[in-house]
Amino acid sequence: MSTKKSPRDKTKTLPKSSSGSFFTLINEKPSDFWWNFVYFLILSTAITFILVNNSANTLRSTTALIILGLLLSLDIFPTVYMVKILLRFTRNRYLQ
């Protein structure tokens, strides 16, 4: 006979002793934070690399503006996520 596992078995909860940790205060998983941070770093490095290694005339071309616009728009998502985490962290820190 097979036993059916409840959905509670699949979710892991943090122990109560770690209630003061950063991720507990912001109600997020550590993996979400780190993947967004890495994504932000990679895109920011790519944008910086493009800006440093090209002349101003090259950066004004249509292709360069499209590429930079695309990279900047992709970089907005992890930035907003990290700002949201920072706001949640500061708000929850003062509530406790």
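Working note: Karplus 6.51/-1.76/1.60 with θ = phi - 60° gives segment 34-40 the couplings 5, 5, 5, 5, 5, 4, 4 Hz, where Gly and Pro are set to x. When Thr58, Thr90 are compared by accessible area at a 1.4 angstrom probe, the order from most to least is Thr58, Thr90. Its alpha carbons considered, segment 27-88 gives a radius of gyration followed by a Dmax of 14.2, 46 Å. The simple spin-label model puts a point 7 Å past each Cα toward its Cβ; for Tyr39 and Lys84 those points are separated by 1.0 nm.
The values are calculated or read from the model by the stated rules, or taken from the named source; none is laboratory data. Predicted model only: the values in this text are computed from it and were never measured. Positions of Cβ are backbone-derived with ideal geometry, glycine not excepted, and every protein chain shown enters the neighbour counts. SASA here: full protein model, heavy atoms, side chains in, ligands and nucleic acids out. Shrake-Rupley method; radii C 1.70, N 1.55, O 1.52, S 1.80 Å.
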